[in-house]
Amino acid sequence: TDMMGVVYHPNYLHWMEMGRIDYLKRCGVTLNELMADGILFPITEVSTQYKNSLTLGDSYEVQTTMSGLNKAKMEYTYKIIRLRDGAVAVEGYTRNLFTDTQGKIKRLPDHWFKKINDVYQQEEKKHE
């Protein structure tokens, strides 16, 4: 937090990262497994809109939704909700490219793509 007890703005980016990691875990994929397979997924785009402040002691929830997926990239949207009143504190977006360990774009192998895509498609059907 800052001197006024307001959450320091880069913390929201960390919470969005935790949301991505949790999303992949729900797909049955861990960061360590991807990295062991030589797959990294650096962020190439990020945006945030700060709407309402979180303050010291506020409880929050990170809602993470995959908004796009193909074998070269994945995209997520986020809402960070202040639980005491349901206010949206932050809305965000990230795009990650799949790369090898040298940073060259790499297509996600079928077995990883299927695990992630199965969950993504199930969620898409819920929103139709």
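The values are calculated or read from the model by the stated rules, or taken from the named source; none is laboratory data. Since the structure is predicted, the reported quantities are computational estimates derived from the model, not experimental observations. A quick note on method: Cβ atoms are made from the backbone with ideal geometry, for glycine too, and the neighbour counts reach across all protein chains shown. Surface areas here come from the heavy atoms of the whole protein model, side chains and all, with no ligands, DNA or RNA. Shrake-Rupley method; radii C 1.70, N 1.55, O 1.52, S 1.80 Å.
Among the residues of the stretch 82-100, those that are assigned to a loop (DSSP other than H, G, I, E, B) and open to solvent by less than 60 Å² (accessible area, probe 1.4 Å) comprise GLY86, PHE98, ASP100. Among the numbered conditions (1) touching a residue at least 40 places away in the same chain (Cβ under 8 Å); (2) exposed (fewer than 14 other Cβ atoms within 10 Å of the Cβ); (3) within 23 Å of LEU97 (Cβ to Cβ); (4) β-branched (Val, Ile, Thr), the only one that THR48 does not meet is (2). In the stretch 49-61, is there at least one residue being closer than 18 Å to GLY19 by Cβ, touching a strand residue (DSSP E or B) at 6+ places or on another chain (Cβ under 6 Å) and among the hydroxyl-bearing types (Ser, Thr, Tyr)? So far as the stretch 49-61 goes, yes, one or more of its residues are closer than 18 Å to GLY19 by Cβ, touching a strand residue (DSSP E or B) at 6+ places or on another chain (Cβ under 6 Å) and among the hydroxyl-bearing types (Ser, Thr, Tyr).
Per-residue answers, yes or no, for (1) open to solvent by 40 Å² or more (accessible area, probe 1.4 Å); (2) within 17 Å of the chain's Cα centre (by Cα); (3) farther than 23 Å from TRP15 by Cβ:
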residue	(1), (2), (3)
LEU56	yes, no, no
ILE80	no, yes, no
LYS106	yes, no, yes
LYS125	yes, no, yes
GLU128	yes, no, yes
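Taken as a whole, the structure places LYS114 among residues that are open to solvent by 80 Å² or more (accessible area, probe 1.4 Å), under 19 Å from THR30 (Cα atoms) and without any contact (Cβ under 8 Å) to a residue 60 or more places away in the chain.
In the stretch 15-39, the residues that are modelled with pLDDT of 95 or more form Cβ pairs under 9 Å with partners that are polar (S, T, N, Q) and part of a helix (DSSP H, G or I), at six or more places apart or across chains, as follows: CYS27/ASN117.
Quick grid of which residues meet (1) in contact with a helix residue (DSSP H, G or I) (Cβ under 7 Å, 6 or more places away or on another chain); (2) open to solvent by 40 Å² or more (accessible area, probe 1.4 Å); (3) in a loop (DSSP other than H, G, I, E, B):
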{"site": "GLY38", "(1), (2), (3)": "no, no, yes"}
{"site": "THR64", "(1), (2), (3)": "yes, no, no"}
{"site": "GLN102", "(1), (2), (3)": "no, yes, yes"}
{"site": "GLN122", "(1), (2), (3)": "no, yes, no"}
